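The values are calculated or read from the model by the stated rules, or taken from the named source; none is laboratory data. Everything numeric here is computed off the predicted structure, so don't read it as measured data. With ideal geometry, Cβ positions are generated from the backbone for all residues, glycine too; neighbour counts draw on all protein chains shown.
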Amino acid sequence: MDLENQNRVKTLTEKHGAENILILLGGAEAESAGLAAETVTNGDPTFAGPLAGVQLGLKVYHVVEPEFKEAVNEEVYDEQIGMMEMVLDVDEIINEMSSIREQYGKY
């Protein structure tokens with residue numbers, strides 16, 4: 001997650017409260033999505049950005065996870081994300097995101 005987005009997340013969390021923020025990711029690989037998820041939950045693991053050492057514990061999901069898929073209109077989901085599901089390793093992404101939430105999530 002780049003420094004600008006880290007700053008946006010930090011600013012919005014300070015303004016609205018961590019319990020009111022949900023991060024939705026769409027990275028194509030489990031590892032990159034997991035890194036972004038870890039950044040908004042446990043802090044920037046590279047210790048380079050505004051979230052270095054900042055444990056926000058935010059709710060974070062990937063667009064291919066069942067929790068998100070069930071929450072949106074099926075037609076819109078299929079139109080916008082359906083094709084992506086066919087080429088991604090959805091199970092790997094779900095496992096990575098679940099692991100990050102279990103380890104670092106607070107909300």
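Numbers for the structure displayed
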quantity	calculated
Long-range neighbours under 9 Å by Cβ, at least six apart or interchain, first residue over 14 Å from Thr41 (Cα atoms) and among the hydroxyl-bearing types (Ser, Thr, Tyr) within region 10-22, second surrounded by 10 or more Cβ atoms within 10 Å (Cβ to Cβ) and at pLDDT 95 or above	Thr11/Pro50
Single residue of Leu51, Leu35 found to be of a type outside the set (Val, Ile, Thr) and either buried (at least 19 other Cβ atoms within 10 Å of the Cβ) or in a strand (DSSP E or B) (or both)	Leu51
Selection within region 88-107 - among the β-branched types (Val, Ile, Thr) and in contact (Cβ under 8 Å) with a residue 40 or more places away in the chain	Ile93, Ile100
Some residue of region 81-92 being surrounded by fewer than 14 Cβ atoms within 10 Å (Cβ to Cβ) and touching a strand residue (DSSP E or B) at 6+ places or on another chain (Cβ under 7 Å)	no
Output for region 76-107, where each listed residue is outside any helix (DSSP H, G or I) and at pLDDT 95 or above	Leu88, Asp89, Gly105, Lys106
Subset of region 30-53 that is out of contact with any helix residue (DSSP H, G or I) (no Cβ under 8 Å at 6 or more places or on another chain) and in contact (Cβ under 8 Å) with a residue 24 or more places away in the chain - its residue that is nearest to Glu14 (Cα to Cα)	Ala36
Residues satisfying the stated conditions in region 54-75, i.e. of a type in the set (D, E, K, R) and not in a loop (DSSP other than H, G, I, E, B)	Lys59, Glu67, Lys69, Glu74, Glu75
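Conditions tested, residue by residue: (1) closer than 22 Å to Asp2 by Cβ; (2) under 11 Å from the mean Cα position of the chain (by Cα).
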site	(1), (2)
Ala28	yes, no
Thr39	yes, yes
Gly43	yes, no
Leu58	yes, yes
Glu75	no, no
